[in-house]
Amino acid sequence: MKDISVSIVEDLDEIRNAMRVLINGSEGFTCENVFSNAEQAIDALPVINPEVVIVDISLPAKNGIDCVREL
């Protein structure tokens, strides 16, 4: 069975990196893409097309709710 692909949108390096390690260490999941802001995610995610996206609500500039709305 194929792993579930996960992408993360989180501005804090420590949290973003810890989440990536946690997801990649969990059987059945893989996290290959992380973004530090909504703008990067909005540009890349439609092409990457992950199955799950974890988005921080409190992002700089464009917040996570607006990011999800645009995606």
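Couple of notes before you dig in:
- Note on the chain: enclosed strands (runs of 3 or more DSSP E) holding 1 or more residues that are out of contact with any His (no Cβ under 8 Å at 6 or more places or on another chain) and of a type in the set (D, E, K, R) are 29-35.
- One residue stands out in segment 48-69 among those that are among the aliphatic types (A, V, I, L, M) and touching a strand residue (DSSP E or B) at 6+ places or on another chain (Cβ under 8 Å): the one that is most open to solvent (accessible area, probe 1.4 Å), namely Val68.
- Per-region count, segment 1-47, residues farther than 12 Å from Cys67 by Cβ, acidic (Asp, Glu), free of Cβ contacts under 8 Å to residues at least 24 places away in the same chain and surrounded by 14 or more Cβ atoms within 10 Å (Cβ to Cβ): 0
The values are calculated or read from the model by the stated rules, or taken from the named source; none is laboratory data. From a predicted model like this one, the values you see are computed outputs, not experimental measurements. With ideal geometry, Cβ positions are generated from the backbone for all residues, glycine too; neighbour counts draw on all protein chains shown. Keep in mind that these areas ignore ligands, DNA and RNA; they rest on the heavy atoms of the full protein, side chains included. Shrake-Rupley method; radii C 1.70, N 1.55, O 1.52, S 1.80 Å.
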